[in-house]
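Quick notes on the structure that follows.
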Amino acid sequence: MSDSKDFVTGVDSNAKKAPRRVVFITRRISAQVKAVEEETLQTFPEVLFRAVVAIEVLAVVLVWIALAFNAPLEGLADPSHTPNPAKAPWYFLGLQEMLHYFPPVVAGVLAPGLVVIALIIIPYFNINIEAEGVFLKDRDRRLKIFYAAAVALCVFLFLFHVYVALVPTLIVAAFMILAGQSSLNSRSTFRRYLASKPLSFWIMSWFLFELIVLTAIGTFFRGPGWSWVWPWTRY
């Protein structure tokens, strides 16, 4: 150990020319798992029995609803007469509402395609395991990025006159701005709650908000010719 020669690491196939070899030994580190005794429940018969009971109760309730209330069915389909408005099933009315504002390629192909691609790609990104608030670190830079993205999206929706989607976007953006001005040490519990939410929470909240609003408008506020009507208006 008293040798003060400098050792230089390198790669050489000639053992006689470079006989020195350096080996780096590191301490093995393994994760410590704390065993915690938790109450267990057998899948069979406890969980399975509860699931069967829940299914039976739900079936009874659905049968009772079917017997007590008439389904809102219309007359037999007439191929020579197209109903006005011709609405898709409720779970597609959000897309049909988008078709009112955007070309079919955008509303029917690009928008759903981007959502599907995002759902495929997002799991491969660097995941925020600790679920930290989106504005808790590097607040100024992230706020600038958020402002730019929010303004671009709002301008895009405004130019296409998609006001029904612009309003939810502005509401979510307002809450995100409030989160950006808050911290985990804020006096208000609500502001601490907003500050603690990660980016995934805000994206999913905005997406669900838009989906609910577009579906509700397509269901209750669209009449003949896809014109705006109030839910209590008869047509």
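No value in this document is a laboratory result; all are computed from the given coordinates. These numbers were taken from a predicted model, which means no experiment stands behind them. When we count neighbours, we look across all protein chains shown, and the Cβ atoms used for this are built from the backbone with ideal geometry, even at glycine.
Annotations
- Options VAL134, VAL172: the member that is within 17 Å of the chain's Cα centre (by Cα) and more than 30 Å from PRO104 (Cα to Cα): VAL134
- Against the numbered list (1) farther than 23 Å from GLY225 by Cβ; (2) in contact with a strand residue (DSSP E or B) (Cβ under 7 Å, 6 or more places away or on another chain), PRO85 comes up short only at (1).
- Evaluating PHE221 against the criteria (1) among the aromatic types (Phe, Trp, Tyr); (2) within 21 Å of GLN96 (Cα to Cα); (3) in contact (Cβ under 8 Å) with a residue 60 or more places away in the chain leaves one unmet condition, (3).
- Residue within segment 156-177 that is of a type outside the set (Phe, Trp, Tyr) and over 30 Å from LEU99 (Cβ atoms) present: yes
- Some residue of segment 122-130 being buried (at least 17 other Cβ atoms within 10 Å of the Cβ) and in contact (Cβ under 8 Å) with a residue 40 or more places away in the chain: no
- Condition met for PHE160 (surrounded by 12 or more Cβ atoms within 10 Å (Cβ to Cβ), under 14 Å from TRP202 (Cα atoms) and not small (Gly, Ala, Ser)): no
- One residue stands out among those in segment 88-120 that are of a type in the set (Phe, Trp, Tyr) and under 15 Å from GLU210 (Cα atoms): the one that is surrounded by the fewest Cβ atoms within 10 Å (Cβ to Cβ), which is TYR91.
- The one condition in (1) closer than 28 Å to ARG234 by Cβ; (2) part of a helix (DSSP H, G or I) that PRO79 fails to fulfil: (2)
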